[in-house]
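See structure below.
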Amino acid sequence: MPNLRELTLDLEPLRVSRDFRYMWLGGTISAIGTQFTRVTVPFLVYERTGSVIALGVISAVTLLPMLVCSIIGGAVADIFDRRLVARISAAVGGVTSLLHVVNVVFFDTQLWAVYALHAIGTSLLMGGAPAARSALPFVVDRERLTSALMLQSTTYTTSAVVGPAMGGVIIASLGVRWAFIIDALTFAFSFACWTLIKPIPPIASGARMSAAVIFDGFRALRGHKPIVGSFLADVNAMVFGMPQALFPAIARHRFPDHPTYYGLMVASIPFGMFVATIFSGWTRNVTRHGIVVVSSIIVWGVAIAFFGVVDGMFVSCLCLAAAGAADMISGVSRNAMLQLSASPELQGRMQGVGMAVWTTGPALGDVEASGLAALTSINTSVFLGGVSCVLGIGIIAVAIPEFTLFRAYARTDTATDEESDVATLPSAVQSE
């Protein structure tokens, strides 16, 4: 029977890799600060306009630039030093946050500037993200990659739970300018952490930016069925099984006398992700990542379907938390497949394509859930979405066996107590 240490989050990558420690710490602190801005921008927009349409414009002006920058950023990550790209991204993020302060303090919060700065900051942050994400196999050895990915996922779960709550307190007590100032300081901290990391130069030296290089990631997908399957699995889960756009309506219909329940529902999915992360020690020995992804998405779809038919706050949040836990396990396994299967010289571009997929999926899911709810009912839309998600992953699993049967080599060595700064690149993968 496994002991508690084997079940809980594996901290070994933090212990053995100095560079990974700095990457993780800088990324986590910066992600919390970024949540401050993501909370403050809608607050400012609604305070200035009182319009829900104006809130929708925030997503409208950021979606396309984010997609473009993530794809271009993938090529940049493969051509230039990943550490340099990550430092530039952190520096630009800090400058953008300071420009928000200037707009609030000196220009009476010009709405067009809020939109423009948020679009620029978010897009360039997405452009630098492939470099940061694809740097992982270069600072952590292959055997510890899954554990490192799970640790990296705590950056999102921690910031998603802690960031908005802290941001709300800062806005209420200190004002919006301080939310932006603190975000700028967290970017400076991230910049310092990346400075302390060893350079991560490109594998293919002498390559230059071009349209062909940028789209190499898409062309390479033709030869990587496991990655294609993982992308399709994510799109399936997000398009059919992500009804987050309906949360306000669900909360109002189910719990009209408890307006605070909406916030609990929103927090339930990240909370489930956080719990799954804490008890993720078992994932260190996972080799059949395809089976894990398929199983996790089935759990996600079933949990969402139940969420569509249950009544009561506790059981509603329980379903969402279960879905969040399953999504976390699926996400880490999908990312492991991406980093283990893609060739080292294409790591950045594959991450860029992946980020484009991960950005588009939830947005399409909002459209699907809202449209189906208009045609049927809110609960029917959620239930059918969950069922469709399960059916969809079943079809993908059968249609792309290379994805379903993807298997990485099992871990063959044991950890030492010596600190290691040199990692091997991901190379040993196979499909059955």
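Every number here is computed from the coordinates shown, using simple stated rules; none is lab data. The structure presented is a predicted model; accordingly, all values stated were derived computationally and were not measured. Cβ atoms come from the backbone with ideal geometry, glycine included; neighbour counts cover every protein chain shown.
Observations on the structure shown:
- Within the shell defined by Cβ-Cβ distances under 13 Å, the residues around S30 carry a net charge of +1, with Lys and Arg each +1 and Asp and Glu each -1.
- Using only side-chain charges placed at the Cβ, +1 for Lys and Arg and -1 for Asp and Glu, the dipole size of the stretch 1-200 relative to its Cα centre rounds to 240 debye.
- Taking all Cα-Cα distances within the stretch 215-410, those exceeding 21 Å account for 51%.
- The Cα center of the stretch 146-176 and the Cα center of the stretch 223-284 differ in position by 16 Å.
- Each of L338, L232 was scored by other Cβ atoms within 10 Å of its Cβ. Arranged with the fewest first, they read L232, L338.
- At R0 = 30 Å, FRET efficiency that the Cβ-Cβ distance of V95 and L196 yields, to 0.05: 0.90
- This ranking places T96, T8 by how few other beta-carbon atoms lie within 10 Å of each, fewest first, which gives T8, T96.
- Taking other residues whose beta carbon is less than 11 angstrom from the beta carbon of Q351, and scoring Lys, Arg as +1 and Asp, Glu as -1, yields +2.
- In units of the compact-protein estimate 2.2 N^0.38 Å, the stretch 1-200 shows a Cα radius of gyration of 1.09.
- Fewest-first sequence of C317, C389, C193 by Cβ atoms within 10 Å of each Cβ: C317, C193, C389
- Potential lengthening between F279 and V309 on full extension [0.36 nm per residue; Cα-Cα distance subtracted]: 8.0 nm
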